[in-house]
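Enquirer: Starting off with a structure, shown below.
Just so you know, all these numbers are worked out from the coordinates, no wet-lab data involved. All of these numbers come straight from a predicted model, not from anything done at the bench. Note that we place each Cβ from the backbone using ideal geometry, even for glycine, and neighbour counts take in every protein chain shown.
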Amino acid sequence: RSSRENFLESLEKYLYVKKGFRRSTANNQAEPQALDLHSVLTHRSGSAVMLSLIHSEILKMLRLWGLLDFDVEIFFPHDPHGLPRAYDKQKSKESDQPHIMTVQMLLEEILRNLKHAFWPFQRGAADSLFLRAANAANCIDKFNGFEDSGYRLASTKAAQRRLDRGVWTSVHFGDMRRALSACERLILLRTDPKEMRDYSILLYHCGLYEQALKFLKLYQDMKSSSAQNPSTDPVSNLEEDAVKKLIVRLNLIAMEEGWTRPWYVRNYLGNNSEPW
């Protein structure tokens, strides 16, 4: 019986005032705890994308109960402190479009957040996840790459040593299994060809060389078919240079070893127990 504005405002008060849901601090947005639904529901604190998911599910239930008869999407905040809210699409403005998040877009954003949170190579000067992993694989020329501190180098070596021992999960240093899962789902959604590239570098670190080369070639095929203009961005150029180096290395591995894999990869992939 109320107006649409009052209806949506009441929903926000219920979620953020009565139930007390809030955003995690800016430093913890990418922490696994802020992206775990059970933890967010328990502590009523989480990332913007998880609060958006909860808000979206509430709207879905209201539709099923017949209490919502107009088109509503999630208005997603891009600042560090804003809260997701319901948005009446009939009153949409062109300036609001970058904030509108459909169910498909919400799924993609959740997977990207999970991929970032569980990426095994957390430390590095590069914002690109691929470059961090490529740097750990020594696929970047030092004089063209980023200056690494002793701490970052030690973290990278420690991450690689854990993977060499078959330990794929470590607190504050990512989770290879979950990072692979996030990449696989992003590939199925066909959001960006670069997801195949990122997936391949993880497969390389797992010792799955044949599969890594397969996805690198798929990435290059999709990139060439898109007919995009060559990028002038130095980070993109550095990424493409690392891709070429990785392909050369994988081809050499194929000739020298015949796609042999470390013993821990074979054992671990067939074992469902936790790696620690």
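Enquirer: At most 15 other Cβ atoms within 10 Å and a DSSP loop assignment: could you name the chymotrypsin sites (Phe, Trp or Tyr not before Pro) in the stretch 33-134 that fit?
Expert: Trp65, Phe70
Enquirer: Under a straight-distance cross-link criterion of Cα-Cα below 18 Å, which aspartates and glutamates are reachable from Lys18, leaving out those fewer than 8 residues away in the same chain?
Expert: Once the sequence-local aspartates and glutamates are set aside, what remains near Lys18 is Glu9, Glu57.
Enquirer: Now a separate question. Longer than 32 Å from Cα to Cα, which of Lys93/Lys217; Lys60/Lys214; Lys19/Lys91; Lys91/Lys194 are they? Say none if no pair is.
Expert: Lys93/Lys217; Lys60/Lys214; Lys91/Lys194
Enquirer: Return the FRET efficiency for the residue pair Asn237, Gln33: r is the Cβ-Cβ distance, R0 is 35 Å, and the value is rounded to the nearest 0.05.
Expert: Calculated value: 0.45.
Enquirer: Right, something else. Per-residue counts of other Cβ atoms within 10 Å, averaged by peptide: what ranking do you get for 96-109, 51-64, 174-187, highest first?
Expert: For the peptides 96-109, 51-64, 174-187, the packing ranking is 174-187, 51-64, 96-109.
Enquirer: Report the charge-dipole magnitude of the stretch 4-101 in Debye, nearest 20, computed about the Cα centre from +1 at each Lys and Arg Cβ and -1 at each Asp and Glu Cβ.
Expert: For the stretch 4-101, the charge dipole is close to 300 debye.
Enquirer: Let me ask another. How big is the Rg/Rh ratio for the stretch 4-101, C-alpha atoms only, Rh by Kirkwood, two decimals?
Expert: 0.97
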